[in-house]
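The values are calculated or read from the model by the stated rules, or taken from the named source; none is laboratory data. Remember, it's a predicted structure, so these values are computed and weren't measured experimentally. Cβ placement follows ideal geometry from the backbone for every residue including glycine, while neighbour counts extend to all protein chains displayed.
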Amino acid sequence: MYYNSIIETIGNTPIVRLNNVNRGIRGTILVKVEYFNPGNSMKDRMALKMIEDAEKDGRLKPGGTIIEGTSGNTGMGLALTAIAKGYKCIFTLADKQSQEKIDILRAVGAEVIVCPTNVASDDPRSYYSVARKLNQDIPNSFYPNQYDNLSNTLAHYETTGPEIWQQTEGKITHYAAGVGTGGSMCGTAKYLKEQNPDVVSVGIDTYGSVFKKYKETGVFDENEIYPYLTEGIGEDILPKNVDFDLIDHFIKVTDKDGAIMTRRLAREEGLFVGWSCGSAVHGALEYAREHLSDDDMMVIILPDHGTRYLGKIYNDNWMKDHGFYEARDFATAKDIIT
Ligand code: PMP
């Protein structure tokens, strides 16, 4: 048995039980390990769907060029799909992004344009503006815009949701995921709640993001917005893919708590995953500690792989420089004998 191209291997990722980081918490806590996708993240699912929907309605034609402002996971998914289907890719990203991310996208044949970070999003030099301008100027180009493109939510409604329902044999009671564009939380939650309206959804947000306050008060509070380090979750905008009616609760997680839990997932569960995975697990367990009983079953999405974070949270010096390093969490034999 073989696949006709790498994109046929997208989806059908495993669900694994947590055994250690959840000690003392009731219920069964499961994680859906999305780094098993070929681009090492759940974003492969929505990249494929955005491209196939655009092909169907003629927004993307043979030989076209896909242009997106992306820092990593979505770019990888778009690039793999573009290779399989014969499109070109141009990605714009901000110069705060690591060289590894740029190198990874170039390795899979994308053209990468690096733009200044410290300019407003409506400045013509920003990576948003450059992507829009290229889309206007390059004939037969397609700008997916993952924030407002509802194919993103639909990808998870059609794949991630049904997979979780089947893999848990309908026993899932709680679903937790980080919220960035909102696609993975809302598409999956919509499907699960259609199967069982009692499924509770918990969205993980960051400090520095507007989501939690907006859900609780209906106010878009600019004072909530400040820089933070966690990549992929939290926003300073309200993307169309975030449907607040589908998210029952929000929990905010600090950069430090997310980073430490990510390192614990690698060491204590053998799950070498990305930073937002630690944030999702930390926030989900905070909710579970208070609300889950023995018969409950929670599924948490782990969006991506640890390799892209080797220079950051998996680097002890970087962790120390950011005040995230707690010796008791990272004690080594050397520490013990000296
Ligand atoms: N974690 C990572 C690493 C991501 O790249 C993203 C995508 N922005 C998310 C979490 C959040 O997922 P979504 O965009 O589906 O809300």
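Structural remarks
- Any pair with Cβ under 8 angstrom, 6 or more apart, that starts in the range 118-144 at a residue that is more than 22 Å from LYS49 (Cα to Cα) and without any contact (Cβ under 8 Å) to a residue 40 or more places away in the chain and ends at one that is in a loop (DSSP other than H, G, I, E, B) and polar (S, T, N, Q): VAL119/SER126; ALA120/SER126; SER129/SER121
- Inter-residue pairs, beta-carbon under 9 Å, first at positive phi and in the range 157-185, second away from the ligand (no atom under 15 Å from the Cβ), 6+ apart: GLY170/GLN195; GLY170/ASN196
- Considering (1) surrounded by fewer than 24 Cβ atoms within 10 Å (Cβ to Cβ); (2) touching a strand residue (DSSP E or B) at 6+ places or on another chain (Cβ under 8 Å), the lone condition that ILE51 does not fulfil carries the number (1).
Residue-by-condition table, conditions (1) part of a loop (DSSP other than H, G, I, E, B); (2) away from the ligand (no atom under 14 Å from the Cβ); (3) of a type in the set (Val, Ile, Thr):
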| residue | (1), (2), (3) |
| --- | --- |
| PRO144 | yes, no, no |
| THR153 | no, no, yes |
| THR159 | no, no, yes |
| ILE164 | no, yes, yes |
| GLU169 | yes, yes, no |
| ALA177 | no, no, no |
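- Any chance LEU302 is under 30 Å from SER98 (Cβ atoms) and within 15 Å of the ligand (Cβ to nearest atom): yes
- Here the range 215-251 is the region considered, the condition is being in a loop (DSSP other than H, G, I, E, B) and away from the ligand (no atom under 14 Å from the Cβ), and the residue that is surrounded by the most Cβ atoms within 10 Å (Cβ to Cβ) is ASP248.
- Among the residues of the range 93-124, those identified as of a type outside the set (D, E, K, R) and part of a loop (DSSP other than H, G, I, E, B) are GLN97, SER98, VAL108, GLY109, ALA110, PRO116, THR117, ASN118, VAL119, ALA120, SER121, PRO124.
- Where GLU100 falls short, out of the listed (1) away from the ligand (no atom under 16 Å from the Cβ); (2) surrounded by fewer than 21 Cβ atoms within 10 Å (Cβ to Cβ); (3) in contact (Cβ under 8 Å) with a residue 60 or more places away in the chain; (4) not basic (Lys, Arg): (1)
- When ARG106 is tested against (1) more than 16 Å from the ligand (Cβ to nearest atom); (2) at positive phi, just one condition goes unmet, and that condition is (2).
- Test: residue in the range 286-293 that is within 19 Å of LYS213 (Cβ to Cβ) and modelled with pLDDT of 95 or more: yes
- Any hit, the range 257-265, residues being within 11 Å of the ligand (Cβ to nearest atom), modelled with pLDDT of 95 or more and either hydrophobic (A, V, I, L, M, F, W, C) or under 20 Å from LYS190 (Cβ atoms) (or both): no
- Selection from the range 26-35 of residues that are in contact with a strand residue (DSSP E or B) (Cβ under 9 Å, 6 or more places away or on another chain) and more than 12 Å from the ligand (Cβ to nearest atom): GLY27, THR28, ILE29, LEU30, VAL31, LYS32, VAL33
- Of GLY39, GLY64, GLY86, GLY77, all but one fail to be modelled with pLDDT of 95 or more and at positive phi; the exception is GLY86.
- Of all residues making up the range 180-208, the number that are away from the ligand (no atom under 13 Å from the Cβ) and either of a type in the set (S, T, N, Q) or assigned to a loop (DSSP other than H, G, I, E, B) (or both): 7
- Top-ranked residue of the range 124-142 - restricted to ones that are in contact with a helix residue (DSSP H, G or I) (Cβ under 9 Å, 6 or more places away or on another chain) and within 13 Å of THR92 (Cβ to Cβ), ranked as nearest to the ligand (Cβ to nearest atom): SER141
- Options ILE83, ILE90: the member that is assigned to a helix (DSSP H, G or I), farther than 26 Å from GLU269 by Cα and in contact (Cβ under 8 Å) with a residue 12 or more places away in the chain: ILE83
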